[in-house]
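Asker: After the C-alpha coordinates below, expect a handful of questions from me.
The values are calculated or read from the model by the stated rules, or taken from the named source; none is laboratory data. These numbers were taken from a predicted model, which means no experiment stands behind them. Because the Cβ atoms are built from the backbone with ideal geometry, glycine has one as well, and the counts that use them run over all protein chains shown. For the accessible areas, the whole protein counts, side chains as well, though only heavy atoms, and no ligand, DNA or RNA atoms are used. Shrake-Rupley method; radii C 1.70, N 1.55, O 1.52, S 1.80 Å.
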Amino acid sequence: MKKFKFKNGDTIDAIGLGTWKSDPGEVGKAVKAALDVGYRHIDCAAVYGNEAEVGEALQESFSKGELNREDVWVTSKLWNTEHKREDVIPALKQTLKDLKLDELDLYLIHWPLAFRPGLQGIPEKDEDFLSPEEAPLSETWHAMAEAKKEGLVRHIGVSNFSINKLEKLINETGEVPEMNQVELHPYLQQNDLLSYCKEKHIFITAYSPLGSMDRPDSIKAENEPSLLENEIITGIAVKHNATPAQILIKWAVERDTIVIPKSTNPGRIEENINSMNISLDEDDHAQIKQMDRHYRYLNGKMFETESPMYQNIFDD
Ligand code: A2P
(Lines give C-alpha, C1' and ligand atoms only; values in the text may rest on other atoms or scores of the structure.)
Protein backbone atom coordinates (compact mmCIF):
# COMPACT_ATOMS: atom_id res chain seq x y z
CA MET A 1 0.00 0.00 0.00
CA LYS A 2 1.29 3.43 -0.94
CA LYS A 3 1.77 5.66 2.11
CA PHE A 4 2.37 9.34 2.68
CA LYS A 5 4.66 10.51 5.44
CA PHE A 6 3.97 13.46 7.73
CA LYS A 7 6.74 15.64 9.15
CA ASN A 8 6.66 13.77 12.48
CA GLY A 9 7.19 10.43 10.70
CA ASP A 10 3.56 9.23 10.90
CA THR A 11 2.27 7.64 7.72
CA ILE A 12 -1.22 7.50 6.23
CA ASP A 13 -2.34 4.84 3.74
CA ALA A 14 -3.29 6.22 0.34
CA ILE A 15 -6.57 4.29 0.30
CA GLY A 16 -8.99 4.62 3.19
CA LEU A 17 -12.55 3.50 3.75
CA GLY A 18 -15.10 6.28 3.42
CA THR A 19 -18.04 6.12 5.85
CA TRP A 20 -20.27 8.98 4.68
CA LYS A 21 -23.69 7.53 3.80
CA SER A 22 -22.84 4.19 5.44
CA ASP A 23 -25.94 3.47 7.45
CA PRO A 24 -25.95 2.46 11.09
CA GLY A 25 -26.34 -1.31 11.11
CA GLU A 26 -24.04 -1.53 8.08
CA VAL A 27 -21.05 0.64 8.83
CA GLY A 28 -19.61 -1.60 11.57
CA LYS A 29 -19.67 -4.62 9.27
CA ALA A 30 -18.08 -2.51 6.54
CA VAL A 31 -15.24 -1.44 8.85
CA LYS A 32 -14.63 -5.04 9.91
CA ALA A 33 -14.68 -6.24 6.30
CA ALA A 34 -12.26 -3.47 5.40
CA LEU A 35 -9.82 -4.26 8.22
CA ASP A 36 -9.98 -7.95 7.22
CA VAL A 37 -8.83 -7.23 3.67
CA GLY A 38 -6.06 -4.84 4.68
CA TYR A 39 -7.51 -1.33 5.05
CA ARG A 40 -5.67 0.57 7.78
CA HIS A 41 -7.32 3.95 7.28
CA ILE A 42 -10.91 4.82 8.15
CA ASP A 43 -12.41 8.21 7.34
CA CYS A 44 -15.19 9.35 9.68
CA ALA A 45 -17.10 12.46 10.71
CA ALA A 46 -19.40 13.35 13.56
CA VAL A 47 -22.14 14.43 11.16
CA TYR A 48 -22.25 11.00 9.48
CA GLY A 49 -24.11 9.85 12.60
CA ASN A 50 -22.35 6.48 12.72
CA GLU A 51 -19.14 7.00 14.68
CA ALA A 52 -20.27 4.91 17.68
CA GLU A 53 -20.71 1.88 15.44
CA VAL A 54 -17.35 2.49 13.74
CA GLY A 55 -15.87 2.65 17.24
CA GLU A 56 -17.38 -0.70 18.19
CA ALA A 57 -15.91 -2.36 15.13
CA LEU A 58 -12.47 -0.88 15.82
CA GLN A 59 -12.68 -1.83 19.48
CA GLU A 60 -13.58 -5.40 18.60
CA SER A 61 -10.52 -5.72 16.41
CA PHE A 62 -8.24 -4.20 19.07
CA SER A 63 -9.65 -6.24 21.94
CA LYS A 64 -9.35 -9.49 19.99
CA GLY A 65 -5.71 -8.59 19.43
CA GLU A 66 -6.14 -8.65 15.64
CA LEU A 67 -4.82 -5.12 15.33
CA ASN A 68 -3.24 -2.53 17.61
CA ARG A 69 -4.55 1.01 17.83
CA GLU A 70 -1.42 2.34 16.14
CA ASP A 71 -2.01 0.07 13.13
CA VAL A 72 -5.12 1.99 12.05
CA TRP A 73 -5.37 5.60 10.94
CA VAL A 74 -8.61 7.25 12.03
CA THR A 75 -9.76 10.62 10.73
CA SER A 76 -12.78 12.56 11.93
CA LYS A 77 -14.23 16.00 11.32
CA LEU A 78 -15.58 18.90 13.35
CA TRP A 79 -19.17 19.69 12.42
CA ASN A 80 -20.21 23.20 11.43
CA THR A 81 -22.23 23.85 14.60
CA GLU A 82 -19.10 23.49 16.77
CA HIS A 83 -16.88 26.23 15.34
CA LYS A 84 -16.83 28.46 18.41
CA ARG A 85 -13.45 28.22 20.08
CA GLU A 86 -14.95 26.81 23.28
CA ASP A 87 -16.98 24.18 21.40
CA VAL A 88 -14.18 22.50 19.44
CA ILE A 89 -12.56 20.39 22.15
CA PRO A 90 -15.90 19.20 23.60
CA ALA A 91 -17.00 18.15 20.08
CA LEU A 92 -13.72 16.31 19.58
CA LYS A 93 -14.10 14.60 22.95
CA GLN A 94 -17.58 13.40 21.96
CA THR A 95 -16.14 11.97 18.74
CA LEU A 96 -13.36 10.26 20.70
CA LYS A 97 -15.95 8.82 23.06
CA ASP A 98 -18.06 7.54 20.16
CA LEU A 99 -15.05 6.07 18.38
CA LYS A 100 -13.79 4.67 21.69
CA LEU A 101 -10.35 6.16 21.15
CA ASP A 102 -8.04 8.27 23.30
CA GLU A 103 -6.58 10.10 20.36
CA LEU A 104 -7.44 10.69 16.70
CA ASP A 105 -4.85 10.53 13.96
CA LEU A 106 -6.39 13.44 12.09
CA TYR A 107 -9.11 15.97 12.85
CA LEU A 108 -10.44 18.26 10.13
CA ILE A 109 -12.63 21.36 10.09
CA HIS A 110 -15.39 19.79 7.97
CA TRP A 111 -16.50 22.94 6.10
CA PRO A 112 -15.34 26.58 6.08
CA LEU A 113 -18.80 27.52 7.39
CA ALA A 114 -20.05 28.09 10.92
CA PHE A 115 -23.63 27.21 11.77
CA ARG A 116 -25.52 28.44 14.81
CA PRO A 117 -24.72 26.11 17.73
CA GLY A 118 -27.53 23.62 18.19
CA LEU A 119 -28.79 23.92 14.61
CA GLN A 120 -30.29 20.64 13.47
CA GLY A 121 -30.01 19.88 9.77
CA ILE A 122 -28.90 22.53 7.32
CA PRO A 123 -29.33 26.33 7.39
CA GLU A 124 -32.48 27.81 5.97
CA LYS A 125 -31.86 31.47 6.74
CA ASP A 126 -28.93 33.78 7.46
CA GLU A 127 -29.57 33.60 11.21
CA ASP A 128 -28.76 29.89 11.06
CA PHE A 129 -25.12 30.85 10.49
CA LEU A 130 -22.54 32.46 12.69
CA SER A 131 -20.96 35.23 10.66
CA PRO A 132 -17.19 35.16 10.01
CA GLU A 133 -16.92 37.86 12.70
CA GLU A 134 -18.80 35.78 15.27
CA ALA A 135 -16.84 32.61 14.57
CA PRO A 136 -13.69 33.39 12.57
CA LEU A 137 -12.05 30.31 11.06
CA SER A 138 -8.79 31.43 12.64
CA GLU A 139 -10.39 31.00 16.10
CA THR A 140 -11.68 27.56 15.22
CA TRP A 141 -8.20 26.73 14.01
CA HIS A 142 -6.60 27.90 17.26
CA ALA A 143 -8.85 25.48 19.15
CA MET A 144 -7.85 22.68 16.76
CA ALA A 145 -4.20 23.49 17.53
CA GLU A 146 -4.97 23.37 21.27
CA ALA A 147 -6.51 19.92 20.81
CA LYS A 148 -3.30 18.80 19.16
CA LYS A 149 -1.22 20.24 21.99
CA GLU A 150 -3.41 18.42 24.51
CA GLY A 151 -2.69 15.13 22.76
CA LEU A 152 -6.27 14.53 21.64
CA VAL A 153 -5.26 14.42 18.00
CA ARG A 154 -1.96 13.87 16.19
CA HIS A 155 -2.62 15.94 13.06
CA ILE A 156 -5.02 18.73 12.14
CA GLY A 157 -6.36 19.95 8.84
CA VAL A 158 -9.35 21.20 6.93
CA SER A 159 -11.90 20.05 4.40
CA ASN A 160 -13.65 21.81 1.51
CA PHE A 161 -11.18 24.71 1.61
CA SER A 162 -10.41 26.64 -1.59
CA ILE A 163 -6.97 28.14 -2.25
CA ASN A 164 -8.32 31.53 -1.08
CA LYS A 165 -9.57 30.09 2.18
CA LEU A 166 -6.33 28.20 2.81
CA GLU A 167 -4.33 31.31 2.05
CA LYS A 168 -6.42 33.40 4.44
CA LEU A 169 -6.16 30.84 7.23
CA ILE A 170 -2.39 30.53 6.79
CA ASN A 171 -1.95 34.32 6.74
CA GLU A 172 -4.09 34.82 9.82
CA THR A 173 -2.71 32.02 11.96
CA GLY A 174 0.83 31.52 10.66
CA GLU A 175 0.10 27.80 10.58
CA VAL A 176 -0.39 25.46 7.66
CA PRO A 177 -3.04 22.73 7.83
CA GLU A 178 -1.58 19.28 7.25
CA MET A 179 -4.49 18.06 5.12
CA ASN A 180 -7.24 19.40 2.90
CA GLN A 181 -9.98 16.91 2.10
CA VAL A 182 -11.93 17.91 -1.01
CA GLU A 183 -14.12 16.49 -3.73
CA LEU A 184 -11.78 15.22 -6.41
CA HIS A 185 -12.29 12.90 -9.40
CA PRO A 186 -11.74 13.05 -13.18
CA TYR A 187 -14.60 15.56 -13.67
CA LEU A 188 -13.10 17.81 -10.97
CA GLN A 189 -9.36 17.36 -11.14
CA GLN A 190 -8.48 20.37 -8.97
CA ASN A 191 -5.12 21.01 -10.64
CA ASP A 192 -4.61 24.49 -9.19
CA LEU A 193 -5.47 23.35 -5.67
CA LEU A 194 -3.16 20.36 -6.05
CA SER A 195 -0.23 22.57 -7.09
CA TYR A 196 -0.91 25.03 -4.29
CA CYS A 197 -1.12 22.31 -1.66
CA LYS A 198 2.00 20.59 -2.96
CA GLU A 199 3.93 23.84 -2.64
CA LYS A 200 2.67 24.30 0.94
CA HIS A 201 3.16 20.61 1.89
CA ILE A 202 -0.54 20.10 2.50
CA PHE A 203 -1.74 16.58 1.72
CA ILE A 204 -4.95 16.20 -0.26
CA THR A 205 -7.62 13.59 0.36
CA ALA A 206 -10.03 12.99 -2.50
CA TYR A 207 -13.65 12.45 -1.48
CA SER A 208 -16.48 11.27 -3.71
CA PRO A 209 -13.93 9.54 -5.96
CA LEU A 210 -16.67 7.39 -7.50
CA GLY A 211 -19.25 10.18 -7.78
CA SER A 212 -21.16 9.40 -4.55
CA MET A 213 -24.24 8.24 -6.42
CA ASP A 214 -25.81 7.10 -3.14
CA ARG A 215 -26.29 10.71 -2.02
CA PRO A 216 -29.83 11.68 -1.02
CA ASP A 217 -31.88 13.01 -3.95
CA SER A 218 -32.11 16.40 -2.23
CA ILE A 219 -28.43 17.02 -2.96
CA LYS A 220 -28.39 15.53 -6.45
CA ALA A 221 -28.69 17.52 -9.64
CA GLU A 222 -30.68 16.33 -12.63
CA ASN A 223 -28.75 14.47 -15.33
CA GLU A 224 -25.55 14.16 -13.35
CA PRO A 225 -22.68 12.68 -15.35
CA SER A 226 -21.65 9.20 -14.26
CA LEU A 227 -18.01 8.50 -13.54
CA LEU A 228 -18.40 4.74 -13.27
CA GLU A 229 -20.11 4.58 -16.68
CA ASN A 230 -17.90 7.09 -18.45
CA GLU A 231 -16.59 5.59 -21.70
CA ILE A 232 -13.00 6.62 -21.12
CA ILE A 233 -13.04 5.02 -17.66
CA THR A 234 -14.79 1.84 -18.79
CA GLY A 235 -12.40 1.58 -21.76
CA ILE A 236 -9.33 1.84 -19.51
CA ALA A 237 -10.91 -0.68 -17.12
CA VAL A 238 -11.34 -3.25 -19.92
CA LYS A 239 -7.74 -2.70 -21.01
CA HIS A 240 -6.43 -3.45 -17.50
CA ASN A 241 -8.92 -6.23 -16.77
CA ALA A 242 -10.09 -4.09 -13.89
CA THR A 243 -13.33 -2.38 -12.86
CA PRO A 244 -14.16 1.29 -13.44
CA ALA A 245 -14.07 1.95 -9.68
CA GLN A 246 -10.55 0.51 -9.52
CA ILE A 247 -9.40 2.81 -12.31
CA LEU A 248 -10.86 5.86 -10.55
CA ILE A 249 -9.21 4.94 -7.26
CA LYS A 250 -5.82 4.16 -8.73
CA TRP A 251 -5.90 7.34 -10.79
CA ALA A 252 -6.28 9.31 -7.54
CA VAL A 253 -3.42 7.43 -5.90
CA GLU A 254 -1.11 7.89 -8.88
CA ARG A 255 -1.69 11.65 -8.65
CA ASP A 256 -0.34 11.50 -5.10
CA THR A 257 -3.67 12.12 -3.45
CA ILE A 258 -5.18 10.04 -0.68
CA VAL A 259 -8.55 8.59 -1.62
CA ILE A 260 -11.51 7.36 0.47
CA PRO A 261 -14.00 5.33 -1.59
CA LYS A 262 -17.11 4.48 0.42
CA SER A 263 -18.65 1.05 0.31
CA THR A 264 -20.62 -1.14 2.67
CA ASN A 265 -20.45 -4.11 0.33
CA PRO A 266 -17.66 -6.56 1.30
CA GLY A 267 -16.95 -7.53 -2.32
CA ARG A 268 -16.64 -3.92 -3.43
CA ILE A 269 -14.62 -2.99 -0.32
CA GLU A 270 -12.06 -5.62 -1.38
CA GLU A 271 -12.28 -4.65 -5.04
CA ASN A 272 -11.50 -1.05 -4.13
CA ILE A 273 -8.35 -1.78 -2.15
CA ASN A 274 -7.17 -4.20 -4.83
CA SER A 275 -6.91 -1.23 -7.18
CA MET A 276 -3.39 -0.95 -5.73
CA ASN A 277 -2.36 -3.77 -8.08
CA ILE A 278 -3.17 -1.82 -11.24
CA SER A 279 -0.69 0.44 -12.94
CA LEU A 280 -2.02 3.13 -15.25
CA ASP A 281 0.14 4.19 -18.17
CA GLU A 282 0.79 7.60 -19.71
CA ASP A 283 -1.93 7.16 -22.27
CA ASP A 284 -4.49 6.33 -19.56
CA HIS A 285 -3.53 9.48 -17.66
CA ALA A 286 -3.66 11.57 -20.85
CA GLN A 287 -7.16 10.31 -21.62
CA ILE A 288 -8.46 10.90 -18.10
CA LYS A 289 -6.94 14.38 -18.12
CA GLN A 290 -9.36 15.30 -20.90
CA MET A 291 -12.33 14.47 -18.70
CA ASP A 292 -11.87 17.50 -16.42
CA ARG A 293 -14.97 19.68 -16.61
CA HIS A 294 -15.02 21.37 -13.25
CA TYR A 295 -18.08 19.41 -12.24
CA ARG A 296 -18.95 19.23 -8.53
CA TYR A 297 -21.37 16.57 -7.29
CA LEU A 298 -21.36 18.38 -3.95
CA ASN A 299 -21.70 21.96 -5.09
CA GLY A 300 -22.35 23.46 -1.64
CA LYS A 301 -25.72 24.87 -2.75
CA MET A 302 -27.44 23.00 0.09
CA PHE A 303 -25.78 25.43 2.49
CA GLU A 304 -26.63 28.61 0.59
CA THR A 305 -29.02 31.34 1.72
CA GLU A 306 -30.03 34.58 -0.01
CA SER A 307 -27.06 36.40 1.47
CA PRO A 308 -23.97 36.58 -0.76
CA MET A 309 -21.88 35.98 2.37
CA TYR A 310 -23.12 32.39 2.39
CA GLN A 311 -22.85 31.71 -1.32
CA ASN A 312 -20.11 30.35 -3.55
CA ILE A 313 -18.39 28.53 -0.74
CA PHE A 314 -15.75 27.10 -3.08
CA ASP A 315 -14.83 30.53 -4.51
CA ASP A 316 -15.31 29.29 -8.05
P1 A2P B 1 -21.92 0.43 -2.02
O2 A2P B 1 -21.70 1.06 -0.68
O3 A2P B 1 -23.21 -0.31 -2.13
O4 A2P B 1 -20.75 -0.38 -2.49
P5 A2P B 1 -18.14 7.58 -3.22
O6 A2P B 1 -17.01 6.83 -2.61
O7 A2P B 1 -17.73 8.42 -4.41
O8 A2P B 1 -18.95 8.36 -2.21
O9 A2P B 1 -19.14 6.52 -3.85
C10 A2P B 1 -19.86 5.62 -3.05
C11 A2P B 1 -20.87 4.93 -3.93
O12 A2P B 1 -20.19 4.06 -4.85
C13 A2P B 1 -21.80 4.03 -3.14
O14 A2P B 1 -23.06 4.03 -3.79
C15 A2P B 1 -21.13 2.67 -3.23
O16 A2P B 1 -22.09 1.63 -3.10
C17 A2P B 1 -20.59 2.71 -4.64
N18 A2P B 1 -19.40 1.87 -4.82
C19 A2P B 1 -18.38 1.68 -3.97
N20 A2P B 1 -17.46 0.86 -4.49
C21 A2P B 1 -17.91 0.52 -5.71
C22 A2P B 1 -17.39 -0.31 -6.74
N23 A2P B 1 -16.25 -0.95 -6.61
N24 A2P B 1 -18.14 -0.42 -7.87
C25 A2P B 1 -19.33 0.23 -8.00
N26 A2P B 1 -19.86 1.02 -7.08
C27 A2P B 1 -19.15 1.17 -5.93
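Asker: If each DSSP helix of 4+ residues adds -39,500 (n - 2.57) and the sum is divided by the residues in the chain, what number results at 222 nm, nearest 500 deg cm²/dmol?
Answerer: -10500 deg cm²/dmol
Asker: If you count the DSSP beta bridges with both ends in the chain, what percent of them are antiparallel, to the nearest 5?
Answerer: The antiparallel proportion sits near 15 percent.
Asker: Here's another thing I want to ask about it. What net charge is computed for the residues neighbouring Ala52, neighbours being all others with C-beta under 10 Å from the C-beta of Ala52, Lys and Arg scored +1, Asp and Glu -1?
Answerer: Here the count lands on -2.
Asker: To continue, here is another question. Could you check the simple spin-label distance between Gln120 and Asn299, using points 7 Å along Cα→Cβ, in nm with one decimal?
Answerer: Those two pseudo-labels are separated by 2.9 nm.
Asker: Hey, how many Å between the Cα centroid of region 47-122 and the Cα centroid of region 150-173?
Answerer: Region 47-122 and region 150-173 have Cα centres spaced 17 Å from each other.
Asker: Sorted by accessible area with a 1.4 angstrom probe, largest first, how do Val153, Val238, Val37 fall?
Answerer: Ranking Val153, Val238, Val37 by accessible area, largest first, yields Val238, Val37, Val153.
Asker: Taking K and R as +1 and D and E as -1, what net charge do the other residues with C-beta under 9 Å from the C-beta of Val153 add up to?
Answerer: So the surrounding residues net to -1.
Asker: What distance in nm separates the two pseudo spin-label positions at Asp256 and Ser195, each 7 Å out from Cα along the beta-carbon direction?
Answerer: About 1.4 nm separates the two model spin labels.
Asker: Could you compute the FRET efficiency for Asp10 and Ala52, with r as their C-beta to C-beta distance and R0 at 22 Å, rounded to 0.05?
Answerer: Efficiency computed from Cβ-Cβ geometry: 0.30.
Asker: Contour minus end-to-end for Val176 and Met309, with contour as 0.36 nm per residue of separation and end-to-end as the Cα-Cα distance?
Answerer: 45.4 nm
Asker: Using protein chains only and a probe of 1.4 angstrom, how many square angstrom of Thr234 are accessible, to the nearest 10?
Answerer: 50
Asker: If you take the Cα Rg of region 3-303 and divide it by 2.2 N^0.38 Å, with N the number of residues, what do you get?
Answerer: 0.97
Asker: My understanding is that a pair violates if its Cα-Cα distance is over 26 Å; which of Lys148/Lys200; Lys21/Lys198; Lys7/Lys165; Lys64/Lys149; Lys168/Lys301 do that in this structure?
Answerer: Among Lys148/Lys200; Lys21/Lys198; Lys7/Lys165; Lys64/Lys149; Lys168/Lys301, the Cα-Cα distance tops 26 Å for Lys21/Lys198; Lys64/Lys149.
Asker: As a test question: what accessible area, to the nearest 10 Å², does Phe4 have when a 1.4 Å probe is rolled over all protein chains in place?
Answerer: 20
Asker: I would also like to ask the following. Counting pairwise Cα distances across region 27-153, what percent come out greater than 16 angstrom?
Answerer: Tail of the P(r) past 16 Å holds 62 percent of the pairs.
Asker: Roughly speaking, what is the stretch gain from Glu150 to His285, that is 0.36 nm per residue apart minus the C-alpha to C-alpha distance, in nm to one decimal? Could the numbers behind the result be given before it?
Answerer: On the way: separation 135, 0.36 × 135 = 48.60 nm, distance 4.31 nm.
This chain segment gains 44.3 nm when fully extended.
Asker: If you average the sequence gap of Cα pairs under 8 Å that are 6 or more apart and divide by the length of the chain, what percent do you get for the contact order?
Answerer: This gives 19 percent for the chain.
Asker: Taking the full set of protein chains and a 1.4 angstrom probe, give the accessible area of His201 in square angstrom, rounded to the nearest 10.
Answerer: 140
Asker: Where does the charge balance sit around Asp126 when Lys and Arg score +1, Asp and Glu -1, over other residues with C-beta under 11 Å from its C-beta?
Answerer: -3
Asker: Protein chains only, probe 1.4 Å: how do Glu53, Glu70, Glu183 rank by accessible area, largest first?
Answerer: Glu70, Glu53, Glu183
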